[in-house]
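The values are calculated or read from the model by the stated rules, or taken from the named source; none is laboratory data. Remember, predicted model here, so these are calculated numbers, not experimental data. With ideal geometry, Cβ positions are generated from the backbone for all residues, glycine too; neighbour counts draw on all protein chains shown.
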2 protein chains.
Amino acid sequence: MRTIEWDSSRKFVMIIDQRSLPGRFERIPIRSAPKMIHAIKTMTIRGAPALGVATAFGMALAAFRCKTRDERSLAQAVIDIGIELMNVRPTAVNMRWAYQRIKSVCYIGFGSADKLRLAILTEAQNIADEDVQTNLAMAKYGSALIVDGDTIIHHCNTGALAAVEWGTALGCIRMAHEQGKRVHVLVDETRPLLQGSRLTAWELMQYRIPFEIICDGAAGYFLSNGKVQRVMFGADRVAANGDVANKIGTYPLALAAWTNKVPVISVCPSSSIDLTILDGKQIPIEQRDPDEVLRLSVDHQGIAPRDAKALNPAFDVTPNRYVDSIVTEKGVVKQPYGRNLLRILATEG
Amino acid sequence: MRTIEWDSSRKFVMIIDQRSLPGRFERIPIRSAPKMIHAIKTMTIRGAPALGVATAFGMALAAFRCKTRDERSLAQAVIDIGIELMNVRPTAVNMRWAYQRIKSVCYIGFGSADKLRLAILTEAQNIADEDVQTNLAMAKYGSALIVDGDTIIHHCNTGALAAVEWGTALGCIRMAHEQGKRVHVLVDETRPLLQGSRLTAWELMQYRIPFEIICDGAAGYFLSNGKVQRVMFGADRVAANGDVANKIGTYPLALAAWTNKVPVISVCPSSSIDLTILDGKQIPIEQRDPDEVLRLSVDHQGIAPRDAKALNPAFDVTPNRYVDSIVTEKGVVKQPYGRNLLRILATEG
């Protein structure tokens, strides 16, 4: 079952509601682009690859809901919605990448609004289908880096829920497990939204991969005690020099791993690599609602004094020197990233 | 108002119930040593200095509840309870230190059980009174390290609630604020038990010191962006070489600070320094109930899948090279700690 999927008969999108997990597994319909924007804002759908696909399907929804017969007006309406979608979460560059693919289709000129609608939908479906293939290729390359008996610290959620199917870092772990390697995962809970304890733990239970949840702050303890062989996470954007923007908490985790000589592996599709940005300092960092820190996502119960304030940067940047490997669908990239990321992007997929 | 206090007329201990903060401020009576053991276990009272005093008063409670007229039986009963108290939380060495002070009184020989009871209570009250003086002296030394305009990341709770009055690291921050220095605190929420967002935030509001709460994983983001001038926390035990055992998450925080050239200050009474232990690797690390990770302390609501497991080390060890200063009531200790901790312990208080 896919995290996000186009319902051809009813012309809308079905997504897994990630807010209600692990308590309840539920698929919900997204019938319009504004509803998709809301689902992305509230992290009902999340994860860099899934967000790329959600952007594309959001633009397809806009194309089918906009009733104009004028192809150029339709193209403009779809592009406008694409910009809105993309701006909801500024750090994950996959949204821009998907937007640009749909925008290119809008500029072709099919001769009718209906033909453009179908072409947009076809491209969105291509993006979704390619995502599955991309994730399988990453899992193949990434699982080869995992050794029988490894204990792996994993940050945030990078599994099937974060993509269309399979996932990035968690996809590699799952593939290694299916290859018969014994793997054990220490699941960073990943405050504030607990993607680790809620989503990654839920996925690992489905795959029957043994794990324990740990607080984000406890990773250093396990790394310094020699209990961990690898640290794995995804990426929301990789700069041209290999700096990795990823879920808040990734940087101190990677730093503690590097200090304790534990290899750090970031797994992401090549669409997460942004050569227009030289280093991580230029990556925009989304600042989310302080209430995510002050309250608990499960029921919005307060955990801080009334009127207390919070800051809630959603991502941080891990300098390239702490990252041992970046796994893409085109292969594994190592230092020096400046040269090797360019080379891998030039490779045929 | 003191966090922990002997009620002379009713011969029991009053403590602030730290589990119900920040929602409700409540003082509760502790009428027996087993009740004190339970309060320590459940972290109704917590914080290394407060735990030392709780151990002493717990032994005093045992002395008054034990009805024997035989001085030696009484001494043995009190010492037995002291060992039980001390073993509830193995990392904080202040509990052993307080136990040993009361034990020394038990060995003096006063000639009657009643005289021993009074001597034990007097010593426990001395320990509590000295704690206030010790904390004031630490605040004086530590506040001198804080500069007007500083933004300080603070981990866990080290305020009045963690001691009898005033506190350790937070006491220094409060003193700097009262001296008219503008200080701004980024409060690590400190999972799993949220001592930062629940207790430190509550204290800072009382003192009218401006702050924001951040997730533990977000400290690296702020440190790497040049927004933070100092990192401050307490200590549960300092080894002879200056390695600092403190609340889980301290090590990755100190590492990220050191990497970004932000001074790290640990504030603790000299009773937290354990010269019998050469380095941090030998400090026993308490492993607490996984439910603290799997559920939320506020109402025990589950945040992880049913049957998920967790690991919950309560402390980690920060290697001495990441610690810029250790502030005690006798003065500020700097590298090399091996020599300078010995020297400061030999200083008259």
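Exactly one of these conditions fails for B:ILE108: (1) loosely packed, with under 14 Cβ neighbours inside 10 Å; (2) touching a residue at least 24 places away in the same chain (Cβ under 8 Å); (3) farther than 16 Å from B:GLU178 by Cβ. Give me its number.
Every condition holds for B:ILE108 apart from (2).
Going through the stretch B:16-49 one residue at a time, which ones are in contact (Cβ under 8 Å) with a residue 12 or more places away in the chain and touching an Asp or Glu at 6+ places or on another chain (Cβ under 8 Å)?
Within the stretch B:16-49, B:ILE16, B:ASP17, B:ARG27, B:ILE28, B:PRO29, B:ALA33, B:ILE37, B:THR44, B:ALA48, B:PRO49 meet the criteria.
Name, by its number, the condition in (1) touching a strand residue (DSSP E or B) at 6+ places or on another chain (Cβ under 9 Å); (2) on the phi > 0 side of the Ramachandran plot; (3) more than 8 Å from chain A (Cβ to nearest Cβ) that does not hold for B:PRO210.
Condition (2) is where B:PRO210 drops out.
For residues that are part of a loop (DSSP other than H, G, I, E, B) and of a type outside the set (A, V, I, L, M, F, W, C), tally how many sit in the stretch B:125-149. Break it down stepwise before answering.
Taking the stretch B:125-149 as the starting set, the residues that turn out to be part of a loop (DSSP other than H, G, I, E, B) are B:144-149.
Keeping just the survivors that are of a type outside the set (A, V, I, L, M, F, W, C) gives B:148-149.
Number of matching residues: 2.
State all residues of the stretch B:161-209 that are part of a loop (DSSP other than H, G, I, E, B) and within 17 Å of the chain's Cα centre (by Cα); if no residue qualifies, say none. Show your work before the answer.
In the first step, residues of the stretch B:161-209 are kept if they are part of a loop (DSSP other than H, G, I, E, B); the result is B:163-168, B:179-183, B:189-194, B:208-209.
If the condition is that a residue be part of a loop (DSSP other than H, G, I, E, B) and within 17 Å of the chain's Cα centre (by Cα), then B:ALA163, B:VAL164, B:GLU165, B:TRP166, B:GLY167, B:THR168, B:GLU189, B:THR190, B:ARG191, B:PRO192, B:LEU193, B:LEU194 are the ones that fit.
Restricting attention to the stretch B:248-264, which residues are out of contact with any helix residue (DSSP H, G or I) (no Cβ under 7 Å at 6 or more places or on another chain) and either buried (at least 24 other Cβ atoms within 10 Å of the Cβ) or over 23 Å from B:LEU223 (Cβ atoms) (or both)?
Applying the first criterion (out of contact with any helix residue (DSSP H, G or I) (no Cβ under 7 Å at 6 or more places or on another chain)) to the stretch B:248-264 yields B:250, B:261, B:263.
Listed by number, the list holds a single entry, B:THR250.
Looking at the structure I just gave you, is A:GLY242 at positive phi and of a type in the set (Gly, Ala, Ser)?
Details: at positive phi: yes; of a type in the set (Gly, Ala, Ser): yes.
Yes; evaluated as a whole, the condition is true for this residue.
Could you say whether any residue in the stretch A:310-323 is within 14 Å of another protein chain (Cβ to nearest Cβ), without any contact (Cβ under 8 Å) to a residue 12 or more places away in the chain and either of a type outside the set (Lys, Arg) or in a loop (DSSP other than H, G, I, E, B) (or both)?
We begin by selecting, within the stretch A:310-323, every residue within 14 Å of another protein chain (Cβ to nearest Cβ); these are A:310-322.
Add one more test, that the residue is without any contact (Cβ under 8 Å) to a residue 12 or more places away in the chain, and what stays is none.
No, the stretch A:310-323 contains no residue that is within 14 Å of another protein chain (Cβ to nearest Cβ), without any contact (Cβ under 8 Å) to a residue 12 or more places away in the chain and either of a type outside the set (Lys, Arg) or in a loop (DSSP other than H, G, I, E, B) (or both).
Before we move on, is B:ALA169 touching a helix residue (DSSP H, G or I) at 6+ places or on another chain (Cβ under 6 Å) and either in contact (Cβ under 8 Å) with a residue 24 or more places away in the chain or within 14 Å of chain A (Cβ to nearest Cβ) (or both)? Step through it out loud before you land on a result.
Numbers: touching a helix residue (DSSP H, G or I) at 6+ places or on another chain (Cβ under 6 Å): no; either in contact (Cβ under 8 Å) with a residue 24 or more places away in the chain or within 14 Å of chain A (Cβ to nearest Cβ) (or both): yes.
Here the answer is no, as B:ALA169 does not meet what is asked.
Looking at this structure, is A:VAL93 under 29 Å from A:LEU193 (Cα atoms), buried (at least 19 other Cβ atoms within 10 Å of the Cβ) and at pLDDT below 95? Write out each step before concluding.
Values: under 29 Å from A:LEU193 (Cα atoms): yes; buried (at least 19 other Cβ atoms within 10 Å of the Cβ): yes; at pLDDT below 95: yes.
Yes; evaluated as a whole, the condition is true for this residue.
Could you please give the count of residues in the stretch B:214-236 that are more than 10 Å from chain A (Cβ to nearest Cβ), touching a helix residue (DSSP H, G or I) at 6+ places or on another chain (Cβ under 7 Å) and not small (Gly, Ala, Ser)? Even if it seems obvious, please write down each step before you answer.
Keep residues of the stretch B:214-236 that are more than 10 Å from chain A (Cβ to nearest Cβ), which gives B:226, B:228-236.
Now drop any that are not touching a helix residue (DSSP H, G or I) at 6+ places or on another chain (Cβ under 7 Å), which leaves B:228, B:231-236.
Okay, now just the ones that are also not small (Gly, Ala, Ser), so B:228, B:231-233, B:236.
Residues meeting the conditions: 5.
Identify the residue in the stretch B:187-207 that is aliphatic (A, V, I, L, M) and more than 7 Å from chain A (Cβ to nearest Cβ) and, among all such residues, is nearest to B:SER20 (Cα to Cα).
To start, the set of residues in the stretch B:187-207 that are aliphatic (A, V, I, L, M) comprises B:187, B:193-194, B:199, B:201, B:204-205.
Filter once more, so that each one left must be more than 7 Å from chain A (Cβ to nearest Cβ): B:187, B:193, B:199, B:204.
On the way: B:VAL187: 19, B:LEU193: 12, B:LEU199: 10, B:LEU204: 17 Å.
Among those that are aliphatic (A, V, I, L, M) and more than 7 Å from chain A (Cβ to nearest Cβ), it is B:LEU199.
Could you tell me whether A:PRO29 is in a strand (DSSP E or B), farther than 19 Å from A:ASP131 by Cα and not β-branched (Val, Ile, Thr)?
Details: in a strand (DSSP E or B): yes; farther than 19 Å from A:ASP131 by Cα: yes; not β-branched (Val, Ile, Thr): yes.
Taking the combined requirement at face value, the residue satisfies it.
Within the stretch A:198-205, is there a residue that is within 27 Å of B:GLU292 (Cα to Cα) and of a type in the set (Lys, Arg)?
We begin by selecting, within the stretch A:198-205, every residue within 27 Å of B:GLU292 (Cα to Cα); these are A:198-205.
Subsequent filtering for residues that are of a type in the set (Lys, Arg) retains A:198.
Yes, the stretch A:198-205 has at least one match.
Out of all the residues in the stretch A:52-63, is one or more out of contact with any helix residue (DSSP H, G or I) (no Cβ under 7 Å at 6 or more places or on another chain) and free of Cβ contacts under 8 Å to residues at least 40 places away in the same chain? Before you say what the answer is, go through the steps one by one.
Our first condition is that a residue be out of contact with any helix residue (DSSP H, G or I) (no Cβ under 7 Å at 6 or more places or on another chain); within the stretch A:52-63, this holds for none.
Looking through the stretch A:52-63, none of the residues is out of contact with any helix residue (DSSP H, G or I) (no Cβ under 7 Å at 6 or more places or on another chain) and free of Cβ contacts under 8 Å to residues at least 40 places away in the same chain.
Just for the stretch A:312-339: of the residues that are of a type in the set (Asp, Glu) and buried (at least 23 other Cβ atoms within 10 Å of the Cβ), which one is farthest from B:ALA256 (Cα to Cα)? Talk me through it step by step, then tell me what you get.
Step one: filter the stretch A:312-339 for residues of a type in the set (Asp, Glu), giving A:316, A:324, A:329.
With the extra rule that they be buried (at least 23 other Cβ atoms within 10 Å of the Cβ), the set shrinks to A:316, A:329.
Numbers: A:ASP316: 13, A:GLU329: 31 Å.
Across the stretch A:312-339, the extreme among qualifying residues is A:GLU329.
Just give me the residues in the stretch A:163-202 being aliphatic (A, V, I, L, M) and under 16 Å from A:SER266 (Cβ atoms), in sequence order. Full working, then the answer.
In the first step, residues of the stretch A:163-202 are kept if they are aliphatic (A, V, I, L, M); the result is A:163-164, A:169-170, A:173, A:175-176, A:183, A:185-187, A:193-194, A:199, A:201.
Matches in the stretch A:163-202: A:ALA163, A:ALA169, A:LEU170, A:ILE173.
For B:PRO305, are the conditions met, namely being more than 12 Å from chain A (Cβ to nearest Cβ), surrounded by fewer than 23 Cβ atoms within 10 Å (Cβ to Cβ) and either over 30 Å from B:MET86 (Cα atoms) or at pLDDT below 95 (or both)? Talk me through it step by step, then tell me what you get.
On the way: more than 12 Å from chain A (Cβ to nearest Cβ): no; surrounded by fewer than 23 Cβ atoms within 10 Å (Cβ to Cβ): yes; either over 30 Å from B:MET86 (Cα atoms) or at pLDDT below 95 (or both): yes.
Answer is no for this residue.
What's the number of the only condition in (1) modelled with pLDDT of 95 or more; (2) closer than 21 Å to B:ALA240 by Cβ; (3) of a type in the set (Val, Ile, Thr) that B:ILE344 fails to meet?
Going through (1) modelled with pLDDT of 95 or more; (2) closer than 21 Å to B:ALA240 by Cβ; (3) of a type in the set (Val, Ile, Thr) one by one, B:ILE344 breaks only (1).
Going through the stretch A:241-290 one residue at a time, which ones are facing chain B (nearest Cβ under 9 Å) and assigned to a loop (DSSP other than H, G, I, E, B)?
A:ILE248, A:GLY249, A:ILE285, A:PRO290
If A:HIS184 passes every condition in (1) modelled with pLDDT under 95; (2) within 17 Å of A:VAL228 (Cα to Cα) but one, which one does it miss?
For A:HIS184, the failing item is (1).
Would you say A:MET138 is touching a strand residue (DSSP E or B) at 6+ places or on another chain (Cβ under 7 Å), surrounded by 21 or more Cβ atoms within 10 Å (Cβ to Cβ) and within 29 Å of A:LEU255 (Cα to Cα)?
Values: touching a strand residue (DSSP E or B) at 6+ places or on another chain (Cβ under 7 Å): yes; surrounded by 21 or more Cβ atoms within 10 Å (Cβ to Cβ): yes; within 29 Å of A:LEU255 (Cα to Cα): yes.
Answer is yes for this residue.
Residues in the stretch B:227-240 that are part of a loop (DSSP other than H, G, I, E, B) and either crowded, with 24+ Cβ neighbours inside 10 Å or among the charged types (D, E, K, R) (or both): how many?
Step one: of the stretch B:227-240, the residues part of a loop (DSSP other than H, G, I, E, B) are B:227-229, B:234-236, B:240.
With either crowded, with 24+ Cβ neighbours inside 10 Å or among the charged types (D, E, K, R) (or both) added as a condition, the list becomes B:227, B:234-236.
Adding up the residues that qualify gives 4.
Do we find that B:THR122 is among the polar types (S, T, N, Q) and either under 25 Å from B:LEU275 (Cα atoms) or not in a loop (DSSP other than H, G, I, E, B) (or both) in this structure? I'd like the intermediate steps shown before the answer.
Values: among the polar types (S, T, N, Q): yes; either under 25 Å from B:LEU275 (Cα atoms) or not in a loop (DSSP other than H, G, I, E, B) (or both): yes.
Taking the combined requirement at face value, the residue satisfies it.
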